[in-house]
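Single-structure report; data block below.
The values are calculated or read from the model by the stated rules, or taken from the named source; none is laboratory data. Note that this is a predicted model, so its numbers are computed, not measured. All Cβ positions, glycine included, derive from the backbone under ideal geometry; neighbour counts span all protein chains shown. SASA here: full protein model, heavy atoms, side chains in, ligands and nucleic acids out. Shrake-Rupley method; radii C 1.70, N 1.55, O 1.52, S 1.80 Å.
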Amino acid sequence: MSDKMSNSFKSYVGIEDYDLQSLNVSGDDSFSDLNPRLLTGEMVVAEAQKVLLFAPVSSNNKGKSGTLSVTNFKLSFVTTEERSREDTISQQNCLLAEYDICLSNVDMIYQIIGDKRRRLLPGSSVPDKVKGLCILCKNMKVMQFSFKFSPVDHGKTITNALLHHAFPRRHQLLFAYDYREQYYNCLQDACWYRYEHDWKNELERSRCSGWRISLANESFHLSTSMPQWLVVPVTVMDWQLTDAARHFRGSRPPVWCWGTKQGAALVRMADLLPTITERTQENTMLEHVRKSHPTRRQPLLLDLGKDLPTPRDVQTSFLKLRDLCAPDNLRQFQIQEKDFLTQLESSRWLHLISACLHKSVDAAEAMQNGSTVVLQEFDGRDMCCVVASLVQLILDPYWRTCVGFRTLIQKEWIVMGHPFCSRLGHVYRSENELAPVFLIFLDCVWQLTQQFPSAFEFTETFLTTLWDSAHVSIFDTFLFDCERDRLLAVTDPHNPLVLRSVWDWGEQFPEPRDVALFTNPLFTCSERRMLRPRWVLPDISLWTQCYLRWIPMLEIRGGGHPQVDLYLRMLVVEIAAIQGQMAGSSGPGDSRVADKLAVGVDAATLVGSFFPFSRSGGAATAQSQLFNSFPGEHALDSLSLQNAPD
Amino acid sequence: MDRKSASDLLNVENSHSKHASTDSLASDSKSSSLNSKLGQESVSSSKGSPSKSYCSSSSTSTENVVSTLESKVKGKQVNVTESGPPSRPDDPPLLPGEKVQGMAREVTYLCPYSGPARGTLSVTNYKLYFRSMDRETPYVVDVPLGVVSRIEKVGGASSRGENSYGIEVFCKDMRNLRFAHKQENHSRRNVFEKLQQFAFPLSHKLPLFAFEYTESFSENGWTVHEPIAELKRMGVPNDMWKISKLNESHEVCDSYPSVWAVPAAATDEDLRAVAQFRSRGRVPVLSWIHQESQATISRCSQPLVGVSGKRSTADERYIQLIMDANAQSHKLFIMDARPSANAIANKAKGGGYESEDAYQNAELVFLDIHNIHVMRESLRKLKELCFPNIEESRWLSGLESTFWLKHIKCILAGAVRIVDKVENHKTSVLVHCSDGWDRTAQLTALAMLMLDPYYRTIRGFEVLIEKEWLSFGHKFQQRIGHGDDHHSDADRSPVFLQFIDCVWQITQQYPNAFEFNDYFLITILDHLYSCRFGTFLFNSERERVAESVKQRTVSLWSFTNSTIDAYRNPLYWAGGMQQQVLVPVASMRHIKLWKGHYCRWNPSMRSQDPICQRTRELLVLKDQLERQVEECRRELQARVARNVATPPRLASPTHS
């Protein structure tokens, strides 16, 4: 036994019997003041002391010592060890600290027993002694803890609390309902597609005649998963729509979501119910769609269910991808290194991305050629969202701006009822079909930003942050399966939910710098054309920032795309300053620009390839330098004014 | 408004190259010479990098597009070509010293991507040139004969079926070309013979084209690397290191440079004695020295240990001198590039490796890099995968099964280990493999590139190649097989290509640390084979001196440095303070296939580099704005000066 363990210590998790001498534990032993910082309405439900947090992807012989707590919002590890100063150049989230995980982000919990691990499911019995825990997150982060030095029972207490609170069985148990912080909405006049005028504006913007706004789904009588306002062919009466809807899965008849100025419309619909054998209703509705085209052209019907992955395919592929991107330890990392590309291929993740882009390019080309495109899929709530949004990004530059992108997600995902709650598993239900369909979309968008780096106003950091934020149970945006559920929560007389939008970035990121990093310095509005993305496999890359950022040794110190980004920001600042000078304003003179540049160059050595998500950065230097070197919002504004849409 | 004028400027450029790209897409989409890789680049530019549409000196009308950014530098060169304009449209454009040797009409080029095209095939003493007028725009294939590795006849007198009778040309640059001849024209024999003669001039007792090429350039590339000046740049000679001219006539080691930097305490006798104990006399000599810590990188060949485990006190003492020259560390790492099994096997042939018993305080590390034969085989598989078409669904696993990227990773990882020892542990490193001219050159050159920002400039990189590869006797002649027809020669191997690939990998990880772009790297590789310049000819400095290469041929660096703007990386952070030491991550999670090089003949695989394009636009804009500001300032000063000179009289009433 002892032989086996001493062996496994080096190569694998030897939580129980590791050699104390070689264990490099940092942080001192005073555990007096290690309480997690709590939000209003947050409370601690369990706590374990003298817990070790292992360094990620290591041989698990290095760790930080601290206190681990479970609250009704997060799993929080607080260490005595001073945060190294370089950490502060990474993204500063005021809701979650570096070693915090929101409970909604927890995907799998493993008990570590010697060199084995056992998955613990909610409801399963927790063993009396828990010596080690491994937490695997939905965003691929991994944390491994040891309770070797903790008082007896602390490991078990934490595990129990975690299994109970990380997998709530009712929506009302999510922290959003308990969060008591006052909310000042900064996005009052944003477009949510909850009201008629939002759709009206969109119809007018795309100059689509032939379509009208219907209130047939008032109070969600027609379909519980669709918005109350629907855009349908002018020739369809409300009663016809209601009648037809009953024949479709989820009562989702064809509805308009976007159109080109030439009159080509993008329409999405569900499959007919399996009990319906004749297709009359579908054909009738498609005939209406045809008539709403200016030249009465036959629409192109794309069966997304046939060629695109199902949510189950997405989940299977994601789990394989995550195995590759979240290795348990150093040894596994090195084993994967041997045939990484083959394994990546067999995860089929890149194939899925390629398939979604391919289908979207086909649809976009058809629309560009003047044809109406009808997207049809099982429930019309998964791949329809992916393809409909991608088609619009490809064709219409408006959606490629920050505001446009937000609006697009609101329109195609939120109000059209992508079941975020089920897909992301916010509530633990056995019938949940978990699948990161939204991540497939974000990844496709990332591929576009790589192929067209000046066409998008937002950066990959924005996309990665958006994915992270989908697992924070404070924001309502990605918390519900449909608009109806949201409305019910808001109007619940017992505990009405305050809606906090994820798009209100100030709620998470107090540093303007972090939000400034969402804006692409290369963005130019002159890029107004249709994009022609490549979708064949060799052109699809792995999104390293999003998937590999938790593996510190993969960070390129002082290199990677953030270096280019920083350089371009400097360049943009310089140009803005010169333009300011020429406009005769009392803007910053030459010297200040030069100062900024010098500072930036200095700071650049700090910025690694996973910036701003890296926690290991480069050599520590004064971090404040970096902040100053970023063109704050002002500099960016002056430039984006020229680039602003409209 | 100012912005507008700048973008107008850029639009002009855009529209130009768009024009070009559509043309060349229709016509010469894949083909082309070295330089019209450019033509090819311009195709990709329809997707966004027009300014990469550098035209070649052998420009056809379709390729003859000069982007605004490069027009200045290119102009001269184009003129040279125009000085001898072709009389008929079928005639190939010629370089100075180039002559047409044969021509065949009604030949069909079988393009694997765009299908057959009928036209005229010419052979010169430099290139094969095919031109088709079949389509709306002329279609050109322009390939220097230096890249040809073998030529075969396809089909015989009994061949039936369209395009089944002709010639197939196998190239060293990841492509093959097929031409079909009409049997009744009897044109094949002549073309075949001319191709054989001029693709393999050495096998036919003809000179390499470099010795006939007479173009002159504004810069003389032969002066780029001055060995003593380069050593001085690194602070040598100093207390611990001296410059030795013991090998001035290449007599101690015929594959080494004439100038060495060696430990100051080593006598000539020591050096001669050490040479006796090192394979082919390749003594440990300084490659690079850390300015502050004095930690060094030295290189050599394997010790002649043999099965009996011979020792040489001279060699042991000399290694100690190298260690002692670095006061910061009492250790020395000997990095043996080979897998340990190969190193052991070499004992049977009289070679081997340093035993740690004999070399006190030295630690031996095997870097596990395979030999030239393994690398050649790997590239052969890669070519099979990439040309002409790729099997898309099994792309990644297919790529992995070639092991090409794994070899690249291994070389990079080795160089990173050297960098780590030198930079972080302030310890000197001695690098060798068997002979010390293949893997050793890869490792020392890469480590130097990572350690020293100078080598990341265009001229610095040229120096690096001249020094670590050319002067230290990487056998370019043997590895490439310039001008000879032994295509299956076991000495051929893509060692230098691997080095350039590794450099490209580092540029991908550190996109703003290099002054040059990947077009510079591709240009170097193109002329590695082309035999247009003397740079990569012969196996050693001694041979090049004997053949008066500097006097009789043009240096590749004369060509590149005369058009240097084309090779600049717009993302280069010339602030001077950027990351001094680069430590790329050698993981399969980061190593990528250089599609822009290996898949460049496939029009559907052309990589785009839109970031560089947009950055270039911004730089142009900034440049223009700065000039405007400068003008304004000068005007303002002039006005102030006038005012001071003639004080306005009306303003004279005083308030005193």
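My understanding is that a pair violates if its Cα-Cα distance is over 31 Å; which of A:131/A:320; A:411/B:592; B:349/B:426 do that in this structure? Going by Cα-Cα distance, A:411/B:592; B:349/B:426 fall outside the 31 Å limit. Sorting A:339, B:134 on solvent-accessible area from highest to lowest, probe radius 1.4 Å, gives B:134, A:339. Solvent-accessible surface of region B:377-447, averaged per residue with a 1.4 angstrom probe and all protein chains in place: 31 square angstrom. Using a probe of 1.4 angstrom and keeping all protein chains present, the accessible surface of region B:117-272 works out to 42 square angstrom per residue. So the label point goes 7 Å from the Cα of residue B:118 along Cα→C-beta, right? Which residues of region B:178-198 then have their backbone N under 17 Å from it? Hits in region B:178-198 for residue B:118 at 17 Å: B:179-188.
Helices that extend 15 Å or more along their long axis by alpha-carbon positions and average at least 0.5 on the Kyte-Doolittle scale are, among the DSSP H runs of chain A, A:383-395, A:437-451, A:561-582.
In a DSSP loop and with at most 10 other Cβ atoms within 10 Å, the chymotrypsin sites (Phe, Trp or Tyr not before Pro) in region A:134-205 are A:184.
For region B:503-533, accessible area lost to neighbouring protein chains reaches 10 Å² or more, against the chain alone with a 1.4 Å probe, at B:509, B:510, B:511, B:512. Note on residue B:310 and residue B:238: with the Förster distance fixed at 45 Å, the Cβ-Cβ geometry gives a FRET efficiency of about 0.85. Between B and A, roughly 4800 Å² of accessible area is buried in total, ligands, DNA and RNA not counted and the probe set to 1.4 Å. Building the convex hull from the alpha-carbon atoms of region A:284-413 and averaging its projection over directions returns 10.1 nm². Panel note: contact residues of region A:329-343 (accessible area lowered by at least 30 Å² against the chain on its own; 1.4 Å probe) correspond to A:337, A:338, A:340, A:341, A:342. Accessible surface of residue A:382, taken over heavy atoms with a 1.4 Å probe and every protein chain present, rounds to 10 Å². Using a 7 Å offset from Cα along Cα-Cβ at residue A:181, what residues in region A:490-509 end up with backbone N under 18 Å from the label point? Taking a point 7 Å out along Cα→Cβ of residue A:181, the residues of region A:490-509 whose backbone N falls under 18 Å are A:497-509.
Taking 0.36 nm per residue of separation and subtracting the current Cα-Cα distance, fully stretching the chain between residue B:457 and residue B:193 would add 90.7 nm. Taking the convex hull of the alpha carbon positions in chain A and averaging its projected area over all directions gives 30.6 nm². Rg of the Cα atoms in region A:361-404, relative to 2.2 N^0.38 Å, amounts to 1.20. Can you list the residues of region A:542-556 whose accessible area drops by at least 30 Å² going from the chain on its own to the full set of protein chains, with a 1.4 Å probe? Buried by 30 Å² or more upon assembly, which counts only protein chains, are A:554, A:556. A 1.4 Å probe over all protein chains sorts A:328, B:239 by accessible area into B:239, A:328, starting with the largest.
The heavy atoms of residue B:487 present about 90 square angstrom of accessible area, all protein chains included, probe 1.4 Å.
Look at the Cα gyration tensor of region A:112-206: its axes a ≥ b ≥ c give a/c of at least 1.5 with a/b over b/c, and that counts as prolate. Just in region A:56-161: which trypsin sites (Lys or Arg not before Pro) are loop by DSSP and have at most 15 other Cβ atoms within 10 Å? Listed in order of number, the matching sites are A:83, A:129. Percent of C-alpha pairs per 10 Å bin in region A:383-450, short distances first: 21, 50, 23, 6, 0.
Over chain A, accessible surface divided per residue gives 38 Å², non-protein components excluded, 1.4 Å probe. Across the accessible surface of chain A, with the other protein chains kept in place and a 1.4 Å probe, carbon and sulfur atoms take up 50 percent. Classify region B:411-533 as rounded, prolate or oblate, taking a ≥ b ≥ c as the square roots of the eigenvalues of its Cα gyration tensor: rounded when a/c is under 1.5, otherwise prolate if a/b is larger than b/c and oblate if not. Judged from the Cα gyration tensor, region B:411-533 comes out oblate (a/c at least 1.5, b/c at or above a/b). Restriction of the trypsin sites (Lys or Arg not before Pro) in region B:222-263 to DSSP coil positions whose beta-carbon has at most 12 other beta-carbons within 10 angstrom yields B:245. Across the protein chains, with a 1.4 Å probe defining accessible surface, the residues A:43, B:240 rank A:43, B:240 from largest area downward. For region A:225-293, the equivalent ellipsoid derived from the alpha-carbon gyration tensor has semi-axes of 20, 13, 11 Å in decreasing order. For region B:182-328, the convex hull drawn through the C-alpha positions has a volume of 223 cubic angstrom per residue. Could you work out what % of the accessible surface of region B:335-410 is carbon and sulfur, using a 1.4 angstrom probe and leaving DNA, RNA and ligands out of the count? Answer for region B:335-410 is 51 percent, counting heavy atoms of protein chains only. Checking the Cα-Cα distances for B:347/B:421; B:194/B:383; B:381/B:595; B:127/B:550 against a 21 Å cut-off, the pairs over it are B:347/B:421; B:194/B:383; B:127/B:550.
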